[in-house]
Each structure stands twice: as C-alpha cells, then as structure tokens.
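The values are calculated or read from the model by the stated rules, or taken from the named source; none is laboratory data. Keep in mind that this is a model prediction, so the values were computed, not measured. Every residue, glycine among them, receives a Cβ derived from its backbone with ideal geometry; neighbour counts consider all protein chains shown.
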Amino acid sequence: MARKIFKRFTIDRHKLLARGNLSALGHRIHDPNLWHLNRHSVSRAFLAGLFAGFAFLMFPGQMLVAAAIAIWIRANLPIAVGLVWITNPFTSPPIIYAALKIGTFFLPVDLKINFDIFLNFEWTKESLQDEAAGFVHLLQQAWQPLLLGTFILGIFFGFTGYFIVQIFWRWHVIRDWNARQKKRIQQRSL
C-alpha cells in the first residue's frame, strides 16, 4: 500500500513525544491525524511542508511554520516538517532566481544586478564577500518581488504536491485492489 512507502520515511510518534520537546504544543500534539499515514493527512502534509519551504525561504524557522500549519490543518507532522528541507543551500539559488523572475513579472522592478556573481563557484574569501554584498544589494532592490515570488511558488508547489499525493495514493490503492481481485478470480478458477 501507499502507506508503507511513506512509513519508511517517518519517525515513530512515541519516540518523538517521549523527548518532551513538543510539550509546548499541549494537547493538540496528540491528534491522531498528525501521526497517522492516510491519504488526507499525507497530502495535507505535502501542502504544509512545500508551502512553508518555498514561501518562507527567506526567513528562518521554516520548520516551525510547517509544524504550525500542519497542526492547524491536521496534516502528518513529521512529513510536513521534513519536506521543508526540499529548500536547502543547494536548491535555494535557482529557487530564489525563479521567485525573483516570477515576482518581477507581477511587480515590475528595474533590477540592475549582475546575476553571474551568484553563479560563480570559485569560493574564496573575497568572492564570498562579493556574493554576500551582491545578495544584500539584491534584497535592498527587490525584496517585494522576491517575497511575492516565493509566496507564489509556495502556493503552486504546495497545492501541486497535495494533488499529486491524492492522485498517487488513489492510483496505488486501486492498483492493489485490482491485483487482489485478479488473484481471487484466479484462485476461484483453479
């Protein structure tokens, strides 16, 4: 079943709750939908995790935002928090570039930035300082389109992940059901 596929990537609920780090969340943390693997909780987890990962790319605490959204919409908590890591230091530059392009489409801004400085992989002390200065300059010029672009990407990938999981889960269940039906028919004919 599809549940077995997702179960491989999640942490045991009892081990996580035994640590006591989550006691600040109170009784809400014991909601079964936060821990069970079913079609709805997993698809909501993809929505929460991908939205938080992309929309809050420029802010620290993406995992906390994903956890808060997962608790609010009753999604699987470990999957939602884990999906935030789809945006990491290796994937962030192309995501920021795409977000900036999308954001400037909706909020036109005249940008005078040399993007080659961000694509340079000769990392020396001076080049890293140049890249950091270029990034700060980028944020000063285009923070509004950048935030709008990350929010649009978050909505797009969140809902895309939601619908893909819904479709995949349903396809997987139907495939397994048809295989069981076929096996029963074969056993009856013997």
Out of (1) surrounded by 20 or more Cβ atoms within 10 Å (Cβ to Cβ); (2) at pLDDT below 90; (3) not in a loop (DSSP other than H, G, I, E, B), the one Asn33 does not meet is (1)
Could you tell me which of the residues Ile71, Ile79 is at pLDDT 90 or above, within 28 Å of Leu34 (Cβ to Cβ) and out of contact with any Gly (no Cβ under 8 Å at 6 or more places or on another chain)? Ile71
List every residue pair whose Cβ atoms lie under 7 Å apart, where the two residues are 6 or more positions apart in sequence or sit on different chains, the first residue falls within the stretch 98-111 and is touching a residue at least 12 places away in the same chain (Cβ under 8 Å) and within 7 Å of Gly149 (Cα to Cα), and the second residue, located anywhere, is hydrophobic (A, V, I, L, M, F, W, C) and surrounded by 12 or more Cβ atoms within 10 Å (Cβ to Cβ). Ala99/Leu146; Ala99/Leu153; Leu100/Ala142; Leu100/Leu146; Ile102/Ile152; Ile102/Leu153; Gly103/Leu146; Gly103/Leu148
Reported set for the stretch 83-96 where residues are surrounded by fewer than 18 Cβ atoms within 10 Å (Cβ to Cβ), modelled with pLDDT of 85 or more and in contact with a Phe, Trp or Tyr (Cβ under 9 Å, 6 or more places away or on another chain) is Ile86
Specify which of the listed residues (Val136, Val165) is of a type in the set (Val, Ile, Thr) and modelled with pLDDT of 90 or more. Val165
Identify, by number, the condition in (1) surrounded by fewer than 18 Cβ atoms within 10 Å (Cβ to Cβ); (2) under 27 Å from the mean Cα position of the chain (by Cα) that Thr150 doesn't meet. (1)
